[in-house]
Amino acid sequence: MSTKQKLLDAEDQGWRELHARLERLPEDDWLRPGVNGDWNAKDVLAHVAAWHAVTTDRFEVLRTIGTLAEYPPIDEFNRDQYEKSRELSLHDVRVMSGASRHRFREEIALLPMDLGENLVRIVESNAHGHYEEHIAQLDAFLVGP
């Protein structure tokens, strides 16, 4: 099995685990703060979608011009995306999340066969590695105070 396929399989498994937690939330709890500080479940899902989108953009640039663009400053990006997504409906965030994940997986599939350590790390940290962080937060949120 190729490295890309292993990464795609790990991403898919992580995505399923993340969504298993989200599906356990009653609809009313999706907007209740406390998943990650002031963030609610909708904010976490929008956050993951934003990182899928920025990583997809980086991979598109790599594929088209051969250079991997830099990430934006992490804390600033997270803050900006949080503010931008606050007014979005839960429905819109769910749609955005599905679309950004789809494009993210498409770009992973288009990466060169020999990914190299850096690209593997980028995929892992924006897929299953990222999901694991938020799965732990959701697990704690589901248990409650």
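The values are calculated or read from the model by the stated rules, or taken from the named source; none is laboratory data. Predicted model, so just to flag it, every value in this text is computed and none were measured. Cβ sites come from the backbone with ideal geometry, for glycine too, and all protein chains shown count toward neighbours.
Kindly list, by first and then second residue, each pair from a residue in the range 56-71 that is at negative phi to a residue that is loosely packed, with under 13 Cβ neighbours inside 10 Å and not small (Gly, Ala, Ser), limited to pairs with Cβ atoms under 7 Å and residues at least 6 apart or on different chains.
Sorted first by the residue in the range 56-71, then by its partner, the pairs are Val61/Thr67; Arg63/Leu110.
Collect the residues in the range 1-51 that are assigned to a loop (DSSP other than H, G, I, E, B) and farther than 25 Å from Val143 by Cα, keeping them in residue-number order.
Hits for the range 1-51 are Met1, Ser2.
Whether any residue in the range 14-29 is touching a Lys or Arg at 6+ places or on another chain (Cβ under 8 Å) and within 16 Å of Asp92 (Cβ to Cβ) is what I want to check.
Checked the range 14-29: no residue is touching a Lys or Arg at 6+ places or on another chain (Cβ under 8 Å) and within 16 Å of Asp92 (Cβ to Cβ).
Could you list, in sequence order, the residues of the range 104-116 that are over 23 Å from Glu83 (Cα atoms), surrounded by 13 or more Cβ atoms within 10 Å (Cβ to Cβ) and at pLDDT 95 or above?
Passing the criteria: Arg105, Glu107, Ile108.
Select from the range 2-48 the residues that are in contact (Cβ under 8 Å) with a residue 24 or more places away in the chain and among the polar types (S, T, N, Q) and write down the one among them that is nearest to Tyr82 (Cα to Cα).
Checking each candidate, the answer is Asn36.
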